[in-house]
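Below is one structure, written out as structure tokens; comments come after it.
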Amino acid sequence: KRILVKVHLSTMLRLCVESLFRPQLGASGFKHLSSRSASTTNVFHSSVDTMLAAVLNNGEMTIEKLRMPVPKAGEVLLKTKACGVCHTDLHVIKNEVPFPRPAVMGHEVSGEVVAHGEGSPSAQLDYLPVGTRAVGAFIMPCLDCFFCEHGQEEMCEKFFDLNRLKGQLYDGSTRLYRASDDSPIAMYSMGGLAEYCVVPASAVAPMAANLPYAESAILGCALFTAFGALHNSARLREGDTLAILGTGGIGAAAIQIASGIGAASIIAVDIDDGKLAKMLSLGATHTINAKKDDPVAAIRAITNGRGVDVAVEALGSPVTFRNAVMAVRDGGRAVMVGIAPVGVEASVPITHIVRRQIKIIGSYGARATTDLPALLDMTAKGKLNVQSLITRSYTLAEAATAYKDLDNGTITGRAIVVIG
């Protein structure tokens, strides 16, 4: 009986949060809505029937003309303001993660809502009126698969089966086609490295007027993923001790969020002194250069030999994976966020994990219908500063250069491609 009560309370809490941030959608998202829907007055009419996009072919990423994408029911068309530059894209570009080509990369965007797909429900039109400045999250929940219906949008079956494996949206087709021959182009999430992009409305949230337009793009992945890791997976509490292994975009975002939560100690671990100095300004209380010191020993020294309550691995390396496991206290939580190339494995001591009750938790993204609005609200209230995380910006024509710089390690923090 107690277990059943806990499940029902958890479900009720999730529905209450969804209602708080998306009151016009109700507890069931977009599924049970009034009959009013998008008509042709909500459809984007433009004198231009093509757009520019950075297309990844078998070799370089090049700028090409694509047909203007057309959203379908339940989708919105964004005029892209900016798109974040992320290591997850880089894994695809380097053929470390399989994905169809040609493709348009880019999975964290900000932009203006310029159209709704014909037949879209009334709640969508009310929540995201044409002209709304908005942010799109990289996980785009379908809202009707097993995981979405059980409050685990970040594990949406259609997202992984159709978008991440095939580059399609949830009717089994892309929205991107070459202008020259109508050949299809795969979409990595919404395919944000383009002048316009189509996003399922479930993954879009409006942004307050006081938020920086371009820089807020990184709320859709870097901060979104960090929020999911700390809030949903680690369940970080005020007064907890925390180590962040890897201080790229997600690691830096996690430090800001942890500081806002009120973590007692926030230990940043990296091999770059410049990055580590930046982390102190974002809220880290201690830094460790893993090239100079044994990070596990140093973390335990800072915590009086006990280890941290939570360690977040934000790099995707076998070494940092093991270090995260060894750095937490008995009963601690090691949360794994970093993505590694397919086939990469990490070695951890079984008896240590079992005897000391170490919890190893995989964390991928967050929940778009509740966590993205929560992040936008935190940022609007000044609890997060996205501008402080941005260190470089590029134009759409420089998108290929941005990923080369990311691969070479010359980008600290987060970079964005400014498009609109």
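The values are calculated or read from the model by the stated rules, or taken from the named source; none is laboratory data. Computed from a predicted structure; not experimentally measured. With ideal geometry, Cβ positions are generated from the backbone for all residues, glycine too; neighbour counts draw on all protein chains shown. Accessible surface areas use protein heavy atoms only, side chains included; no ligands, DNA or RNA. Shrake-Rupley method; radii C 1.70, N 1.55, O 1.52, S 1.80 Å.
Quick one: which of Ser180, Ser173 is surrounded by fewer than 18 Cβ atoms within 10 Å (Cβ to Cβ) and under 14 Å from Ala53 (Cα atoms)?
Ser180
Among Ile416, Ile339, which is the only one that is open to solvent by 30 Å² or more (accessible area, probe 1.4 Å), among the hydrophobic types (A, V, I, L, M, F, W, C) and closer than 23 Å to Ile93 by Cα? Steps first, answer last, please.
Values: Ile416 fails: open to solvent by 30 Å² or more (accessible area, probe 1.4 Å).
Exactly one of Ile416, Ile339 is open to solvent by 30 Å² or more (accessible area, probe 1.4 Å), among the hydrophobic types (A, V, I, L, M, F, W, C) and closer than 23 Å to Ile93 by Cα, namely Ile339.
Is at least one residue of the range 45-52 at pLDDT below 75, surrounded by fewer than 13 Cβ atoms within 10 Å (Cβ to Cβ) and part of a helix (DSSP H, G or I)?
No - not one qualifying residue is present in the range 45-52.
For Tyr196, are the conditions met, namely being surrounded by fewer than 21 Cβ atoms within 10 Å (Cβ to Cβ) and of a type in the set (Ser, Thr, Tyr)?
No; evaluated as a whole, the condition is false for this residue.
Within the range 382-394, how many residues turn out to be farther than 16 Å from Gly283 by Cβ and out of contact with any Ser or Thr (no Cβ under 8 Å at 6 or more places or on another chain)?
Number of matching residues: 3.
Determine if the range 338-352 includes at least one residue that is more than 24 Å from Ile271 (Cα to Cα) and of a type in the set (Asp, Glu).
The answer is no, given that none of the residues of the range 338-352 is more than 24 Å from Ile271 (Cα to Cα) and of a type in the set (Asp, Glu).
Only one residue in Thr247, Thr241 is open to solvent by less than 20 Å² (accessible area, probe 1.4 Å), in contact (Cβ under 8 Å) with a residue 24 or more places away in the chain, under 20 Å from Ser363 (Cβ atoms) and not aliphatic (A, V, I, L, M), so which one is that?
After ruling out the rest, the residue left standing is Thr247.
Checking the condition open to solvent by less than 30 Å² (accessible area, probe 1.4 Å) and of a type in the set (Gly, Ala, Ser), which residue from Gly305, Gly332 passes?
Residue meeting the stated conditions: Gly332.
Only residues that are buried (at least 21 other Cβ atoms within 10 Å of the Cβ), in contact with a helix residue (DSSP H, G or I) (Cβ under 9 Å, 6 or more places away or on another chain) and more than 21 Å from Lys275 (Cα to Cα): list them for the range 376-408, please.
Once the filter is applied, which keeps residues that are buried (at least 21 other Cβ atoms within 10 Å of the Cβ), in contact with a helix residue (DSSP H, G or I) (Cβ under 9 Å, 6 or more places away or on another chain) and more than 21 Å from Lys275 (Cα to Cα), the range 376-408 yields Leu376, Thr379.
Does Ser281 satisfy the condition of being small (Gly, Ala, Ser), open to solvent by 60 Å² or more (accessible area, probe 1.4 Å) and assigned to a loop (DSSP other than H, G, I, E, B)?
In short, no.
Has the range 353-361 got at least one residue that is in contact with a Lys or Arg (Cβ under 9 Å, 6 or more places away or on another chain) and part of a loop (DSSP other than H, G, I, E, B)?
yes
May I ask you to list pairs of residues, at least six apart or on different chains, whose Cβ atoms are under 9 Å apart, with the first in the range 302-322 being closer than 21 Å to His231 by Cβ and at pLDDT 95 or above and the second being in a helix (DSSP H, G or I) and among the aromatic types (Phe, Trp, Tyr)?
Filtered contacts from the range 302-322: Glu313/Phe321.
Counting residues that are hydrophobic (A, V, I, L, M, F, W, C), which strands (runs of 3 or more DSSP E) fully inside the range 284-345 reach at least 3? It would help to see each step written out before you state the result.
Values: elements: 286-289, 308-313, 328-336.
So the answer is 308-313, 328-336.
Being among the β-branched types (Val, Ile, Thr) and closer than 23 Å to Val386 by Cβ, is that true of even one residue in the range 313-320?
no
Taking the criterion of being within 23 Å of the chain's Cα centre (by Cα) and without any contact (Cβ under 8 Å) to a residue 24 or more places away in the chain, would at least one residue in the range 326-341 satisfy it?
no
Would you pick out the residues in the range 152-163 that are crowded, with 18+ Cβ neighbours inside 10 Å and either modelled with pLDDT under 95 or not in a helix (DSSP H, G or I) (or both)?
Cys156
Yes or no: Ala264 at pLDDT 95 or above, over 29 Å from Val344 (Cα atoms) and open to solvent by 20 Å² or more (accessible area, probe 1.4 Å)?
yes
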